Amino acid sequence: MLYLEIQRGKSEGPKWSEQYCELGATTSCSMRATTKMANCGQKIEEHRQNLNLANSWFSSVKTAEAIHESGHEWIGVVKTSHSLFPKKALEDKLKTWLDGMNLTLEATTSKGVRLIAVGYKYNSSKVLCFVATKNVGSTIAGDPYRACFSGLP
């Protein structure tokens, strides 16, 4: 573990923490973790932008934008924190697509941060959504994923 932040509980919440008023609970927690973990174990002359990978509790458009503004990159799963994210549009568009297909959208936030929204058709009923900063990696298609289950061809 590079960084742990023990929360004080829902009743008190993280209102005591840095950047809470500006960014809210989740994004401020992500920012503190990013700041504390940045360049861990690297020599000063080797410091560079860090890539943060996050699960759905941490991930949102707001968090990706804030992480980018702090000089790092972000990619994460979007589930419940989908304000400003085209989750329903991606799910509706991919509803009839084949498993393993994806749709990538690009947008620029009001602060000028370029973000990528990815919808991935995981199986016949599930679309996974991701938000990423523009420089996180490539969206060029590779070998398609083929879902298969034990005992089935």
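Some notes on this structure:
- Distance between the range 106-127 and the range 28-79 - C-alpha centres, whole angstrom: 18
- Built amide H within the under 5 Å cut-off of Trp74, gap 5+: Asn52, Thr133
- Looking at the range 107-147, the trypsin sites (Lys or Arg not before Pro) that sit in a DSSP loop and have at most 11 other Cβ atoms within 10 Å of their own Cβ are Lys111, Lys126, Arg146.
- By the rule of a C-alpha distance below 14 Å, with chain neighbours fewer than 8 residues away ignored, the aspartates and glutamates paired with Lys36 are Glu5, Glu18.
- The alpha-carbon of Lys87 sits under 22 angstrom from the alpha-carbons of these lysines, leaving out residues fewer than 8 places away in its chain: Lys62, Lys79, Lys95, Lys111, Lys121, Lys126, Lys134.
- Ranked Leu90, Leu115, Leu51, criterion: other C-beta atoms within 10 Å, fewest first: Leu51, Leu115, Leu90
- Net charge, Ala107 excluded, C-beta distance under 14 Å - Lys, Arg +1, Asp, Glu -1: +3
- Remark: the range 21-133 is approximated by an ellipsoid whose semi-axes, taken from the C-alpha gyration tensor as √(5λ), come to 28, 15, 12 Å, largest first.
- Placing +1 on each Lys and Arg Cβ and -1 on each Asp and Glu Cβ, with no other charges, gives the range 30-135 a dipole about its Cα centre of roughly 240 debye.
We did not get these values from a lab; they are worked out from the coordinates using the rules stated. Owing to the predicted nature of the structure, the values given are computational and were not obtained by experimental measurement. Every residue, glycine as well, gets a Cβ built from its backbone with ideal geometry; the counts of neighbours run over all protein chains shown.
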